[in-house]
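Undergrad: Let me begin by handing over the structure; questions about it come next.
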């Protein structure tokens, strides 16, 4: 969650480490585009769906590891 400078750096690091699929959540269209340029799959929840629900839908159950780098406490639940 979060594709500011730290989030984008994590996308690059994961790609360099060989991650096959990197899912990213971000509201800013500009940051979404940059993440896609770096090889991330941007998660765009459907109406009424949370980001976590969207990730579960797209991955058939979830991911192995997730990073939250927004710095916004409400994101944690």
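The values are calculated or read from the model by the stated rules, or taken from the named source; none is laboratory data. Keep in mind the model is a prediction, meaning the values are calculated, not measured. Virtual Cβ from ideal backbone geometry, glycine too; neighbours counted across all protein chains shown.
Undergrad: Give the residue, chosen from 38, 3, that is surrounded by 15 or more Cβ atoms within 10 Å (Cβ to Cβ), modelled with pLDDT of 95 or more and touching a helix residue (DSSP H, G or I) at 6+ places or on another chain (Cβ under 6 Å).
TA: After ruling out the rest, the residue left standing is 38.
Undergrad: For residue 21, work out the one condition from (1) within 15 Å of residue 1 (Cβ to Cβ); (2) at pLDDT 95 or above; (3) touching a strand residue (DSSP E or B) at 6+ places or on another chain (Cβ under 8 Å) it doesn't fulfil.
TA: (1) is the only condition that residue 21 fails.
Undergrad: Could you tell me how many of the residues in segment 15-35 are more than 19 Å from residue 58 (Cα to Cα) and surrounded by 15 or more Cβ atoms within 10 Å (Cβ to Cβ)?
TA: Result for segment 15-35: 2.
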